[in-house]
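Trainee: If you scroll down you'll find the structure; I have some questions about it.
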Amino acid sequence: MFRKLARPRFIIFSCLLLGVFFFPSCSGEKKDYPVSQVSLTDVRFSDGFWSKRIETNGQVTIPHSFRQSEETGRIKNFEIAGGLAEGDFCSRYPFDDSDIYKLIEGASYQLWLQPNPELDKYLDGLIAKIAAAQEKDGYLYTARTIKNKGGKIPLEEWVTDKRWEKEKDAHELYNAGHLYEAAVAHYQATGKKTLLEVALKNAQLILKDFGPGKVMLPPGHQEIEIGLVKLYRLTGEKKYLDLARFFLEQRGNKEGHELYGFYSQDHLPVREQTEAVGHAVRAAYMYSGMADMAALTGDQGLVQALDKLWEDVVFRKIYLTGGIGSTGAWEGFGPAYHLPNGSAYAETCASIANAFWNYRMFRLHGEAKYLDVFERIIYNGFLSGIALSGDLFFYANPLASFGQHQRSPWFGCACCPPNIVRFIPQLGQYVYATSSDQLYINLFARSQGRVQLGDLRVDLEQETDYPWNGEILIKVNPAEEDEFTVRLRIPGWALGQPIPGDLYFYADKKETRPVVKVNGEEVALNLEKGFLPLTRKWKPGDVIELSLPLEPRPVLAHEKVKDDAGLVAVERGPLVYCAEWPDNNGRVSNLLLPDGAPLSSEYREDLLGGLVVVRAAGKAYRMEKEKVIAADQEITLIPYYAWAHRGRGEMAVWLAREESRVRPTPEPSLASRAKVEASEGAKGARFINDQYEPERSIDHSVGYLHWWPKKGTTEWVSYEFPAPVRVAEAAVYWFDDTGLGECRVPASWKLYYKKGAAWVPVNNLNPYGVEKDKYNAVRFSPVVTTSLKIELKCQEKFSAGIQEWRVK
């Protein structure tokens with residue numbers, strides 16, 4: 001079951017065989033994390049949950065992602081840069097090289113777990129193309145190389161003739177960081193130096209070009225700090241650690257560069273940052289790099305900053321799902337307690353970065369609260385980012401939908417799918433950890449593990465159906481009888497706290513009590529930092545039994561989270577639940593889950609790959625002859641990760657618990673019965689008659705029509721009715737995202753009706769309004785027609801859009 005030589009092979013190669021060529025120093029005591037991480041090959045899942053996803057990653061997601069990278073030109077860019085083909089830069093963004101590096105990293109981890117000669121050979125060929133694209137001095141950035149060969153590239157203003165000049169946007173250093181991570185992973189998995197040689201050559205160039213008195217720009221997008229630390233760990237060469245420190249020290253440092261601002265966390269020196277701001281992925285990558293630096297140097301200033309930043313995120317800015325980044329405007333953090341549901345960004349990459357950061361915080365402090373956040377992320381905010389099939393993805397992960405969301409096979413900016421590819425096969429390394437004579441049990445899953453405690457080998461086996469069942473049996477089998485401490489994590493949710501802090505809390509106030517037994521004898525729950533320390537002479541055959549109170553519980557949000565006022569969510573163990581349209585008569589925004597409603601659960605093997613559903617007695621509301629009618633209705637909820645597999649429709653994590661937050665199902669209207677058509681380039685035309693009322697023109701939580709990126713153009717949208725109708729008024733609620741995007745109310749508009757085959761202007765009785773945040777109603781002389789058409793003129797340099805269009 002275990003490749004016993006996988007880990008020793010890495011140590012021997014890095015410290016002995018290759019030391020002659022690359023690595024001058026691998027000896028001596030160095031500072032590092034107090035808690036050590038195990039290898040990803042030390043744990044093998046055998047459950048139907050994570051093992052299935054790792055298998056799908058290898059069989060579906062990796063081949064799919066490489067195929068998409070070929071079809072979108074990402075791989076051909078390396079061929080062109082390396083002189084193996086001719087042409088222009090093929091993909092959309094100059095930093096698309098990074099997607100290939102992430103895929104290689106993930107594929108290497110997958111190879112490490114599951115040998116695959118065909119994939120191994122494919123990587124060899126791909127790495128040869130990357131090596132060919134590298135310039136003689138080590139520079140590797142296909143967009144600039146292709147440009148210098150006379151090829152055309154997108155966003156040319158980001159790629160000037162001078163290297164590094166536009167690092168803020170071009171992300172040359174971001175690409176390099178992912179190259180280094182890929183190179184280390186590929187070397188660890190295969191023992192091959194091909195990509196590692198490319199990475200070290202590139203790193204040597206960056207060492208030559210960057211530093212005090214040289215180029216003093218920090219990365220526009222943090223990542224190279226993590227990659228440099230991995231090179232340092234592999235080679236033992238401190239110069240890589242020093243360069244990572246330099247890049248961190250340059251953030252917020254006006255010496256040598258003009259500050260990028262809060263978006264890139266370049267507004268203050270890192271030790272002075274106490275509030276999470278800007279782009280969420282960049283932030284969490286930076287925090288991960290800061291944690292690595294703090295561990296490897298003992299820098300307590302960094303630790304103090306990280307503690308404050310973590311509290312800001314977890315106490316004020318994290319979604320119940322573990323997602324971070326509430327606004328799509330800058331793909332990042334909004335103000336404290338600003339956590340909208342329908343327009344939540346919660347990027348998949350941000351969840352992965354947040355998981356990386358929280359695991360590092362655990363290794364720094366040895367506290368289970370960081371693992372509580374980590375577990376929440378991997379089961380919810382991260383896992384919703386990939387379909388059960390393994391070939392469809394979410395970029396953003398909203399907590400409510402009115403039918404405007406569905407997963408995509410790929411993206412123009414495709415950072416998320418490759419990030420998923422590299423994260424899934426790493427999951428095994430998070431299950432256990434060690435520290436001197438202490439063995440941490442962090443996560444629960446049916447699995448087999450092997451951990452080294454000093455000279456003592458300990459085999460571990462978990463028998464459980466977690467997360468569906470809270471009964472966990474852990475067999476502890478040391479190679480020989482010996483005394484050490486097992487530190488068993490007791491999840492915060494099992495102790496009555498869904499997430500550290502007071503941002504979310506259980507509404508039922510029920511006291512729950514996990515039970516732990518060792519060899520059949522119950523142990524008192526005297527916790528230390530969220531772990532139950534079990535110190536004894538362990539011998540082969542010892543058994544730990546953990547019984548967790550796995551039952552559905554209602555959750556409320558802090559009163560300052562205005563978007564969740566009057567709403568309730570449901571959790572069951574580590575899983576956040578949601579209501580989705582197929583299980584609830586086609587709609588969920590019309591439902592009310594009253595306080596105190598009993599919650600029951602049932603395993604459904606036939607549903608979405610097998611899962612536990614939660615049921616509750618609720619009410620459904622509808623409009624009938626302008627009156628609100630309520631009727632009893634059972635509410636069914638599924639795990640949040642499983643939504644959006646059965647077609648477009650409504651979904652909500654947070655359900656109304658107060659009638660004021662219910663959206664009663666409206667009666668059909670003239671508009672809702674109409675067929676919608678729009679001019680070329682229109683997106684979301686079907687949403688303008690869905691009868692979901694926006695709160696404001698900028699409301700992104702409901703669906704809307706827009707023509708972006710077309711600007712200054714004349715556009716149209718029409719209604720075609722099933723039969724001739726008499727109409728005398730139309731009202732339009734414009735979409736306008738001033739402050740976030742480039743859609744504005746139109747410069748002007750007119751309404752036409754169809755008379756025979758011709759479009760005829762209506763005889764309007766009042767002006768055509770173009771005001772935000774309201775319906776702009778125009779009354780006109782009554783007409784009988786089968787179709788109406790709006791013709792609008794976009795403002796110069798702006799696009800336009802429509803939230804809703806009523807007629808009567």
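Trainee: One residue is enough: does the stretch 602-610 have a residue meeting the conditions open to solvent by 60 Å² or more (accessible area, probe 1.4 Å), among the basic types (Lys, Arg) and over 28 Å from the mean Cα position of the chain (by Cα)?
Mentor: no
Trainee: Let me ask you something else. State whether the residues of the stretch 196-204 include one that is small (Gly, Ala, Ser) and under 30 Å from Gln273 (Cα atoms).
Mentor: Within the stretch 196-204, one or more residues are small (Gly, Ala, Ser) and under 30 Å from Gln273 (Cα atoms).
Trainee: If you don't mind, there's one more thing I want to ask. Against the condition at pLDDT 95 or above and open to solvent by less than 10 Å² (accessible area, probe 1.4 Å), how does Leu268 come out, does it pass?
Mentor: Answer is no for this residue.
Trainee: Hey, another quick one. Could you list, in sequence order, all residues of the stretch 224-262 that are under 26 Å from Pro335 (Cα atoms) and either touching a Ser or Thr at 6+ places or on another chain (Cβ under 8 Å) or basic (Lys, Arg) (or both)?
Mentor: Within the stretch 224-262, Arg251, Lys254 meet the criteria.
Trainee: Another question, if that's okay. Test of understanding: among Arg673, Arg726, which residue is part of a strand (DSSP E or B), open to solvent by 80 Å² or more (accessible area, probe 1.4 Å) and either in contact with a Gly (Cβ under 9 Å, 6 or more places away or on another chain) or touching a residue at least 40 places away in the same chain (Cβ under 8 Å) (or both)?
Mentor: Just a single option satisfies the conditions, and that option is Arg726.
Trainee: Select from the stretch 511-553 the residues that are part of a loop (DSSP other than H, G, I, E, B) and either under 34 Å from the mean Cα position of the chain (by Cα) or hydroxyl-bearing (Ser, Thr, Tyr) (or both) and list them in ascending order. First the steps, then the outcome.
Mentor: First, pick out the residues of the stretch 511-553 that are part of a loop (DSSP other than H, G, I, E, B): 511-514, 519-520, 524-527, 529-530, 539-541, 548-551.
Within the stretch 511-553, Glu511, Thr512, Arg513, Pro514, Leu527, Lys529, Gly530, Leu548, Pro549, Leu550, Glu551 meet the criteria.
Trainee: Ala344 fails exactly one of the following numbered conditions: (1) open to solvent by less than 10 Å² (accessible area, probe 1.4 Å); (2) under 22 Å from Pro218 (Cα atoms). What is the number of that condition?
Mentor: Result: Ala344 fails condition (2) only.
Trainee: So, Gly385, is that one open to solvent by less than 10 Å² (accessible area, probe 1.4 Å), at positive phi and among the small types (Gly, Ala, Ser) or not?
Mentor: Details: open to solvent by less than 10 Å² (accessible area, probe 1.4 Å): yes; at positive phi: no; among the small types (Gly, Ala, Ser): yes.
Spelling it out, it is not the case that Gly385 is open to solvent by less than 10 Å² (accessible area, probe 1.4 Å), at positive phi and among the small types (Gly, Ala, Ser).
Trainee: Given the conditions (1) surrounded by fewer than 20 Cβ atoms within 10 Å (Cβ to Cβ); (2) under 21 Å from Ser436 (Cβ atoms), and given that Leu473 satisfies all but one, which numbered condition is not satisfied?
Mentor: (2)
Trainee: Could I ask something else about it? Going through the stretch 304-332 one residue at a time, which ones are open to solvent by less than 10 Å² (accessible area, probe 1.4 Å) and aromatic (Phe, Trp, Tyr)?
Mentor: Correct list: Trp310, Tyr319.
Trainee: Of the residues that sit in the stretch 239-249 and are touching a helix residue (DSSP H, G or I) at 6+ places or on another chain (Cβ under 7 Å) and within 15 Å of Lys30 (Cα to Cα), which one is surrounded by the most Cβ atoms within 10 Å (Cβ to Cβ)?
Mentor: Tyr240
Trainee: Turning to a different aspect of this structure: From the list Ala569, Ala557, Ala597, Ala524, exactly one residue is open to solvent by 30 Å² or more (accessible area, probe 1.4 Å) and either aromatic (Phe, Trp, Tyr) or at pLDDT 95 or above (or both). Which is it?
Mentor: The unique qualifying residue is Ala524.
Trainee: Which one is nearest to Tyr345 (Cα to Cα), of the residues in the stretch 692-712 that are surrounded by fewer than 16 Cβ atoms within 10 Å (Cβ to Cβ) and touching a residue at least 60 places away in the same chain (Cβ under 8 Å)?
Mentor: If we take residues in the stretch 692-712 being surrounded by fewer than 16 Cβ atoms within 10 Å (Cβ to Cβ) and touching a residue at least 60 places away in the same chain (Cβ under 8 Å), then Arg696 is nearest to Tyr345 (Cα to Cα).
Trainee: Here is a further query. Just wondering, is there one or more residues in the stretch 684-691 that are over 26 Å from the mean Cα position of the chain (by Cα) and in a loop (DSSP other than H, G, I, E, B)?
Mentor: yes
Trainee: In addition: Applying the selection to the stretch 729-739, what residues are farther than 25 Å from Asp563 by Cα and surrounded by fewer than 18 Cβ atoms within 10 Å (Cβ to Cβ)?
Mentor: Passing the criteria: Glu729, Ala731.
Trainee: Take residues that are farther than 24 Å from Glu71 by Cα and tell me which of the helices (runs of 4 or more DSSP H) falling wholly in the stretch 336-438 contain 1 or more. Show your work before the answer.
Mentor: Details: elements: 348-365, 368-376, 416-423.
It comes to 348-365, 368-376.
Trainee: Next question. Taking the stretch 554-564, which residues are assigned to a strand (DSSP E or B) and within 24 Å of the chain's Cα centre (by Cα)?
Mentor: Val555, Leu556, Ala557
Trainee: Taking the stretch 397-425 only, how many residues are out of contact with any Cys (no Cβ under 9 Å at 6 or more places or on another chain) and open to solvent by 10 Å² or more (accessible area, probe 1.4 Å)?
Mentor: Going through the stretch 397-425 one residue at a time, the tally reaches 11.
Trainee: Of the conditions (1) farther than 19 Å from Val717 by Cβ; (2) open to solvent by 50 Å² or more (accessible area, probe 1.4 Å); (3) in contact with a strand residue (DSSP E or B) (Cβ under 7 Å, 6 or more places away or on another chain), Lys772 clears all except one; give me its number.
Mentor: Condition not satisfied by Lys772: (1).
Trainee: State all residues of the stretch 31-44 that are assigned to a loop (DSSP other than H, G, I, E, B) and either in contact with a Lys or Arg (Cβ under 9 Å, 6 or more places away or on another chain) or at pLDDT 95 or above (or both); if no residue qualifies, say none.
Mentor: Answer for the stretch 31-44, where residues must be assigned to a loop (DSSP other than H, G, I, E, B) and either in contact with a Lys or Arg (Cβ under 9 Å, 6 or more places away or on another chain) or at pLDDT 95 or above (or both): Asp32, Tyr33, Pro34, Val35, Val38, Ser39.
The values are calculated or read from the model by the stated rules, or taken from the named source; none is laboratory data. Every value quoted in this text rests on a predicted model; they were computed, and no experiment measured them. Cβ: placed from backbone, ideal geometry, glycine included. Neighbour counts: every protein chain shown. What goes into the accessible areas is simple: the full protein's heavy atoms, side chains included, and nothing from ligands, DNA or RNA. Shrake-Rupley method; radii C 1.70, N 1.55, O 1.52, S 1.80 Å.
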